[in-house]
1. Going through Thr200, Thr162 one at a time, which residue ends up being of a type in the set (Ser, Thr, Tyr) and within 16 Å of Gly142 (Cβ to Cβ)?
2. Taking the stated definitions as given, is Phe106 of a type outside the set (A, V, I, L, M), surrounded by 20 or more Cβ atoms within 10 Å (Cβ to Cβ) and more than 19 Å from Val71 (Cα to Cα)?
3. Condition first: assigned to a helix (DSSP H, G or I) and under 13 Å from Asp194 (Cβ atoms). Now tell me which residues in segment 93-120 satisfy that.
4. Checking Val44 against (1) hydrophobic (A, V, I, L, M, F, W, C); (2) assigned to a helix (DSSP H, G or I); (3) open to solvent by less than 70 Å² (accessible area, probe 1.4 Å); (4) at pLDDT below 95, only one condition comes out false. Which one?
5. Being of a type in the set (Ser, Thr, Tyr) and in a loop (DSSP other than H, G, I, E, B) is the filter here; which residues of segment 147-201 pass it?
6. With (1) in contact with a strand residue (DSSP E or B) (Cβ under 9 Å, 6 or more places away or on another chain); (2) at pLDDT 95 or above; (3) hydrophobic (A, V, I, L, M, F, W, C) as the list, and Val55 as the residue in question, which single condition is left unmet?
7. So, Ala72, is that one closer than 19 Å to Asp141 by Cβ and more than 16 Å from the chain's Cα centre (by Cα) or not?
8. Could you list, ordered by first residue, the pairs with Cβ atoms under 8 Å in which the first is in segment 54-67 and assigned to a loop (DSSP other than H, G, I, E, B) and the second is at pLDDT below 95 and β-branched (Val, Ile, Thr), at least 6 apart or interchain?
Amino acid sequence: MRNNKPMFTVMLGAVTVLGLATGCSSSDDTSDASASSQPTTSTVAGPFGDGCAAVPDSGAGSFDGMAEESVATAASNNPALSTLVAAVGAADLGDTLNSAEGITVFAPANPAFEAIPKKDLNALLADKDALTSVLTYHVVDGQLSPDELAGTHETLQGETLTVTGSGEDFTVNDSAQVICGNVETANATVYIIDGVLAPTK
C-alpha cells in the first residue's frame, strides 16, 4: 500500500498523464528513444460500457453531476448504485469516503447485490466488520485510467485483485465485468461492475 491511511478512511480515481520526453537526433538510436518516450495518455475518453445506460442523463446522478461531488455523495445520487450506498451506510463509511483522495473504486451495481441470496446479503449487511472487509476490497489506492487498469492491484482491505482486458473490455478476478467504466467523481474514479468481489479473509 502506498500510504499509511487506515483501512477505514478510504473507499469507493482521473487519468494519470505521464511526463513528456521529446528530443531530436539524426541517429537511429536516439530517434528510437525519442519515439518511445512520447507522452502516454488514456485512449478512452469519458465513461464507457453498456451499463452506463442506467446512469441518468442529467441531474446530480448524471456523469456531470457525479463529477462535482465526492464519491460517497456522488454514488448516493446515482440510482444504479443504491444498494452499494446502503452497504456503505451500514458500515458507517460515508464521511470517510468523501474525505479520501486518489482512489479507484470497483462499484457493484444493484443487480450484483441482487444476485446474492437475500439471507446472505442481510447477514453481511448486519456484520459491520465483514461488510467493511468486503467494501474495502473493492478499493485500490491511486487513480487508475483505463490504460492503467489491467494488472494486479493491492486493495485497501490488504489482499490483491486482478484486472484483465484492455480498451473498454475488463474483467475483475475473472468473475466481474466492468459494465460502466471511467466514471469521475471529485475524489475518485469509479468502475461499475456486475458482481460483488469476495476477499478470501
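The values are calculated or read from the model by the stated rules, or taken from the named source; none is laboratory data. As the structure is a computational prediction, the values presented were derived from the model and not from experiment. Backbone-built Cβ (ideal geometry, glycine too); neighbour counts: all protein chains shown. These accessible areas exclude ligands, DNA and RNA; they are computed on the full protein's heavy atoms, side chains included. Shrake-Rupley method; radii C 1.70, N 1.55, O 1.52, S 1.80 Å.
1. After applying the criteria, what remains is Thr162.
2. Judged against the criteria, Phe106 is not a match.
3. Matches in segment 93-120: Asn110, Pro111, Ala112, Phe113, Glu114.
4. Just one mismatch for Val44, condition (2).
5. Ser175, Thr185, Thr200, listed by residue number.
6. (2)
7. It is false that Ala72 is closer than 19 Å to Asp141 by Cβ and more than 16 Å from the chain's Cα centre (by Cα).
8. Final answer for the pair search is Gly61/Val55; Ser62/Val55.
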